[in-house]
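The values are calculated or read from the model by the stated rules, or taken from the named source; none is laboratory data. Computed from a predicted structure; not experimentally measured. We place every Cβ from the backbone using ideal geometry, glycine too, and count neighbours over all the protein chains shown.
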Amino acid sequence: MDISAIRKDYTIKSLDISDVNTDPVTQFKAWFEEAINAQVLEVNAMTVSTIGLDGTPNARILLLKGVDSGFVFFTNYESEKGKEIERQNHASLTFFWPELERQVRVRGKLEKVTAEESDTYFFSRPFGSQIGAWVSQQSQKLNSREDLNLKKVEIEQKFSENSISRPPHWGGYRLMPSTIEFWQGRPSRLHDRIKYEFQDGNWVISRLAP
């Protein structure tokens, strides 16, 4: 298989500074709604990139769970990513919606959401997912799948749907953006790139070379 020969020309849409909202979060919400309407698979999936404890990049796919002043997701605070964020809270998010030939890149600082926000989301989850948050010591080594199953049985015996609580090690982060870039695929690799940078309390918008 010749991987180098795999290519696709992008022709669906274009993007200009005159087309975008002055606020990048508002612009993101508009694109996100378009992605939902286009029935993009796993529309809220995003790559969350952090700085590893060894100083090298580390990335994984998570699900976006809210957009307000920032971008919200939930995880185990004691996981690998949680430990990385504790040491260095700069991170980036990347969304790719191939059905619309679009990408969005977000960079900024992560902060924990309030306990109330974490509670609200935790108790909106299916009971099985609530149990899973207690069962998994995320990123820790396991001897076998059976160990995980046994832990699940133990937790299910401990909690009912009416008695379960949110694990103290589980909650949300909000990435407060400092830069957001909107990428629209164009023919001949001459893509449209519109970048927002937060400077002196205002968003500055510029076009980047593809």
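Figures for the structure shown
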read-out: Residues of the stretch 42-85 satisfying the condition of being aromatic (Phe, Trp, Tyr) and closer than 16 Å to residue 140 by Cβ; value: 77
read-out: Some residue of the stretch 114-127 being among the acidic types (Asp, Glu), surrounded by 13 or more Cβ atoms within 10 Å (Cβ to Cβ) and more than 24 Å from residue 59 (Cα to Cα); value: yes
read-out: Selection from the stretch 87-110 of residues that are over 14 Å from the mean Cα position of the chain (by Cα) and either within 13 Å of residue 172 (Cα to Cα) or of a type in the set (Lys, Arg) (or both); value: 87, 102
read-out: Residues of the stretch 22-44 classified as touching a strand residue (DSSP E or B) at 6+ places or on another chain (Cβ under 8 Å) and not acidic (Asp, Glu), total; value: 13
read-out: Scan of the stretch 152-194 for residues that are surrounded by fewer than 17 Cβ atoms within 10 Å (Cβ to Cβ), of a type in the set (Lys, Arg) and closer than 28 Å to residue 113 by Cα, ordered by number; value: 152, 158
read-out: Verdict on residue 42 being touching a Leu at 6+ places or on another chain (Cβ under 9 Å) and free of Cβ contacts under 8 Å to residues at least 24 places away in the same chain; value: yes
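Quick grid of which residues meet (1) closer than 22 Å to residue 48 by Cα; (2) assigned by TED's automatic domain parsing to the domain that holds residue 72; (3) without any contact (Cβ under 8 Å) to a residue 12 or more places away in the chain:
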residue	(1), (2), (3)
141	yes, no, yes
147	no, no, yes
150	no, no, yes
161	no, no, no
179	yes, yes, no
182	yes, yes, no
189	no, yes, no
199	no, yes, yes
